[in-house]
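K.L.:
Let me begin by handing over the structure; questions about it come next.
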Amino acid sequence: MTQNLVNVVMSGVFHAAILFLVAAGLQVVFGVQKIFNLACGSFYALGAYTGVSAVGWYAGTGGPPGLFLLPLALGGLLVGIVGLPVERGLLRFVYDRDETFQLLMTFALVLMMEDLIRMTWGTAPRSTAGYYLTYGQARLLGATVPVYNLVVIAASLVIAAGLGWLLTRTAFGRIMRATADNREMAEALGVDMRRVYAKVFTLGTALGTLGGALVIPATAAMSEMGIELIVEAFAVVVIGGLGSMRGAVVGALAVGVLRSVAISVYPELEMLLIYLIVIAVLILRPRGLFGASAI
Amino acid sequence: MKPRASAMWGAVLAAVILGIALLPLLAPTYYVLLMLPFMALAVVLLGVNLLFGYTGLVSFGHALFIGVGAYAGAFLTAHTTVRSLEVMLLAAAALGAAVAALVGALCVRYVKIYFGMLTLAFGMVFYTFLLKFYRLTGGDEGMRVLRPSLLGQNLDTMPKTDYLAGPYYYYSLAVLVIAALVMWRIVRSPFGLCLRTIRDNPAKAESLGVSVTRYRWYAFVISGVFGAVGGALLGPPTGNVDPTLAYWTSSGNLVFMVLLGGFANFFGPVLGAFVFIFLQDRVMSTFPYWRLVFGAILAFIVIFAPAGLMGLLSRRRPAEVVRVIPGVR
């Protein structure tokens with residue numbers, strides 16, 4: 001019984017760790033730029049495929065299997081650089097527009113990226129065979145959990161702490177919060193908005209691509225994974241509260257664990273339960289659990 | 001609009017309808033069949049634009065109603081002896097109205113991004129329901145739609161393409177024309193004027209005695225009915241309905257079509273559906289990655305032509321566009 005429970009909860013927490021990274025990317029972009037980025041799921045898919053390629057390349061060089069995490073994470077982070085041309089080339093034209101147009105611009109990105117990924121990596125699912133259990137399994141209250149899952153959960157916690165530090169303790173974090181609060185005032189005080197937006201969007205993109213890369217040893221990369229994940233990330237930010245970083249942590253845990261429990265208890269419920277919670281939150285508390293105007 | 005201009009547009013419209021009516025005699029069957037999803041989607045989009053263009057609410061879950069209508073029709077042919085398309089359309093309209101009344105009551109209290117998110121969530125609830133409740137809905141395989149009878153005529157012995165390119169084609173066209181006439185009456189009525197006031201200045205509308213949420217709810221329900229009727233028309237041509245009809249990307253494509261044609265014009269969404277369907281067909285036949293092309297088109301429209309194709313056709317910039325996009329020159 002406890003064994004089952006631990007298994008269910010741990011797989012939920014692993015999923016939550018990945019969801020948090022993508023949702024955190026969504027939150028920083030929404031908080032600062034006020035754009036709900038539908039393409040965050042596409043960045044996640046891009047990171048996943050890049051991770052597959054990076055690990056494949058690493059396997060070819062014959063390096064020690066235990067270090068496969070390095071090229072995986074590095075590849076996932078570095079491909080986040082695409083956020084820069086995307087922001088400069090497309091998004092910057094819509095900052096003054098109605099949010100419908102901003103949403104549709106990110107929808108255009110979703111469409112384009114799905115096919116760009118298909119063009120680059122093909123349509124068949126891609127996976128990194130055999131690396132998932134490189135670090136073995138750990139015994140936890142009678143259940144066996146892949147150590148890789150624990151590594152990802154730890155990494156996600158470290159990143160969450162790092163983001164908290166960035167936002168509250170650094171000059172750039174203060175600028176981000178000031179911009180989120182009052183863009184005109186921040187600009188009047190001499191903040192170069194173009195640079196802030198470019199940096200923030202690249203940060204958000206890199207969080208998404210890293211999340212995608214880290215999920216890869218556990219599941220195969222598929223071209224639809226992006227549009228599927230965006231609705232989960234959407235549930236996370238709605239439950240947690242749009243723009244709130246603490247909300248992303250709580251929302252990711254709620255969605256990850258609830259989904260895992262629902263799948264094991266009554267599979268038909270799976271995402272249905274999550275969406276019903278989303279609707280309940282939107283109706284009873286539209287700002288979410290931790291929603292505020294600032295991040 | 002000046003009388004001369006309106007006479008010109010009337011002539012254009014008559015020519016277009018005549019062209020569509022003559023198409024089965026002139027064009028290859030392939031293109032005639034491609035008109036069927038266009039006409040069904042055009043009915044849906046008339047409803048979407050009542051919310052988007054006239055009331056100022058952008059739904060990101062409108063594919064929900066396509067799903068409701070399509071599955072209502074499919075369910076009737078699969079589980080009952082009903083084969084009449086009239087009954088299917090009426091059932092779809094009634095179910096669409098019921099679902100929209102419920103969903104709308106919860107959604108119309110919110111505007112902008114929160115309205116979009118709520119409708120998206122409801123759309124995904126319905127999608128997951130279709131996907132997971134296998135026994136009722138057939139899961140990811142969907143349901144078969146048996147060939148409906150038209151106006152009491154059983155046409156089961158006809159070859160399939162003759163049926164679709166003949167009676168079904170004209171039936172769809174008739175539904176589209178009736179839907180457009182009804183919608184035209186709605187947006188030109190005092191009720192339509194109230195919706196536009198609500199869109200432009202909700203506070204003023206409220207102070208003039210217009211109940212903003214109630215009128216938004218009316219618009220939502222009407223829009224849901226149009227969505228369900230259009231959805232019910234989508235099923236018979238393919239003979240099958242599946243959950244992807246109600247997926248969120250399908251809702252996104254609906255908003256795309258409205259924007260492509262031009263949300264500020266009554267016929268913009270219809271033109272948008274036409275261009276979307278036929279361009280998609282052309283692009284797919286030469287290049288497998290139609291989403292890349294369409295994403296680029298959407299980005300272009302968002303940045304350079306927010307009034308859509310209709311905006312490019314008419315030189316006058318409608319007030320609606322200026323209202324939505326203050327930065328537009």
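The values are calculated or read from the model by the stated rules, or taken from the named source; none is laboratory data. Note that the structure is predicted; figures quoted are calculated from it, not measured. In this analysis, Cβ positions are derived from the backbone assuming ideal geometry, glycine residues included, and neighbour counts consider all displayed protein chains.
K.L.:
Tell me which residues, restricted to region B:281-299, are within 7 Å of chain A (Cβ to nearest Cβ) and assigned to a loop (DSSP other than H, G, I, E, B).
P.N.:
B:Tyr289
K.L.:
Evaluate region B:106-121: report whether one residue or more is over 24 Å from B:Val229 (Cβ atoms), in a loop (DSSP other than H, G, I, E, B) and either among the small types (Gly, Ala, Ser) or out of contact with any helix residue (DSSP H, G or I) (no Cβ under 7 Å at 6 or more places or on another chain) (or both).
P.N.:
Among the residues of region B:106-121, at least one is over 24 Å from B:Val229 (Cβ atoms), in a loop (DSSP other than H, G, I, E, B) and either among the small types (Gly, Ala, Ser) or out of contact with any helix residue (DSSP H, G or I) (no Cβ under 7 Å at 6 or more places or on another chain) (or both), which makes the answer yes.
K.L.:
Right, here's the next one. I'd like the full set of residues that are under 14 Å from the mean Cα position of the chain (by Cα) and either closer than 11 Å to A:Leu19 by Cβ or aromatic (Phe, Trp, Tyr) (or both), limited to region A:241-261.
P.N.:
If the condition is that a residue be under 14 Å from the mean Cα position of the chain (by Cα) and either closer than 11 Å to A:Leu19 by Cβ or aromatic (Phe, Trp, Tyr) (or both), then A:Ala248, A:Val249, A:Gly251, A:Ala252, A:Leu253, A:Val255, A:Gly256 are the ones that fit.
K.L.:
Look through B:Val103, B:Val175, B:Val187 and report the one residue that is modelled with pLDDT of 85 or more, touching a Phe, Trp or Tyr at 6+ places or on another chain (Cβ under 6 Å) and more than 29 Å from A:Arg287 (Cα to Cα).
P.N.:
B:Val187
K.L.:
Sticking with this one: Yes or no: region A:121-143 includes at least one residue that is within 14 Å of chain B (Cβ to nearest Cβ), hydrophobic (A, V, I, L, M, F, W, C), assigned to a helix (DSSP H, G or I) and touching a strand residue (DSSP E or B) at 6+ places or on another chain (Cβ under 9 Å).
P.N.:
Yes: region A:121-143 contains one or more residues that are within 14 Å of chain B (Cβ to nearest Cβ), hydrophobic (A, V, I, L, M, F, W, C), assigned to a helix (DSSP H, G or I) and touching a strand residue (DSSP E or B) at 6+ places or on another chain (Cβ under 9 Å).
K.L.:
Mind checking which residues of region B:228-280 are touching a strand residue (DSSP E or B) at 6+ places or on another chain (Cβ under 9 Å) and either in a helix (DSSP H, G or I) or within 14 Å of another protein chain (Cβ to nearest Cβ) (or both)?
P.N.:
B:Gly231, B:Leu234, B:Gly235 - these are the residues of region B:228-280 that are touching a strand residue (DSSP E or B) at 6+ places or on another chain (Cβ under 9 Å) and either in a helix (DSSP H, G or I) or within 14 Å of another protein chain (Cβ to nearest Cβ) (or both).
K.L.:
Go over the candidates A:Gly31, A:Gly41, A:Gly75 one by one and state the one that is touching a Gly at 6+ places or on another chain (Cβ under 9 Å) and under 16 Å from A:Met113 (Cβ atoms).
P.N.:
A:Gly41
K.L.:
May I ask you to list pairs of residues, at least six apart or on different chains, whose Cβ atoms are under 7 Å apart, with the first in region A:112-128 being among the basic types (Lys, Arg) and the second being at pLDDT 90 or above and assigned to a helix (DSSP H, G or I)?
P.N.:
So the pair list comes out as A:Arg126/A:Tyr49; A:Arg126/A:Val52.
K.L.:
Please indicate, with yes or no, whether at least one residue in region B:182-195 is closer than 16 Å to B:Asn265 by Cα and in contact with a Ser or Thr (Cβ under 6 Å, 6 or more places away or on another chain).
P.N.:
Checked against the condition, which is being closer than 16 Å to B:Asn265 by Cα and in contact with a Ser or Thr (Cβ under 6 Å, 6 or more places away or on another chain), region B:182-195 yields at least one hit.
K.L.:
Between a first residue in region B:196-207 that is at negative phi and a second residue that is of a type in the set (Gly, Ala, Ser) and modelled with pLDDT of 90 or more, which pairs have beta carbons less than 9 Å apart while being 6 or more apart in sequence or on different chains?
P.N.:
As it stands, the answer is B:Ile198/B:Ala219, since those pairs meet every condition given.
K.L.:
Turning to a different aspect of this structure: Hey, B:Asp140 hits all of (1) surrounded by fewer than 18 Cβ atoms within 10 Å (Cβ to Cβ); (2) in a helix (DSSP H, G or I); (3) more than 14 Å from chain A (Cβ to nearest Cβ) but one; which does it fall short on?
P.N.:
For B:Asp140, the failing item is (3).
K.L.:
For region B:175-211, which residues satisfy the criterion of being surrounded by fewer than 22 Cβ atoms within 10 Å (Cβ to Cβ), of a type in the set (Val, Ile, Thr) and more than 24 Å from B:Leu13 (Cα to Cα)?
P.N.:
B:Thr197, B:Val210, listed by residue number.
Okay, residues lined up against (1) surrounded by fewer than 24 Cβ atoms within 10 Å (Cβ to Cβ); (2) within 16 Å of B:Tyr170 (Cα to Cα):
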| position | (1), (2) |
| --- | --- |
| B:Leu26 | yes, yes |
| B:Tyr31 | yes, yes |
| B:Leu45 | no, no |
| B:Asn49 | no, no |
| B:Gly53 | no, no |
| B:Leu57 | no, no |
| B:Leu64 | no, no |
| B:Val68 | no, no |
| B:Thr80 | yes, no |
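K.L.:
So, in region A:58-117, of the ones that are within 14 Å of chain B (Cβ to nearest Cβ) and among the aromatic types (Phe, Trp, Tyr), which residue ends up surrounded by the most Cβ atoms within 10 Å (Cβ to Cβ)?
P.N.:
Only one residue fits best here, namely A:Phe107.
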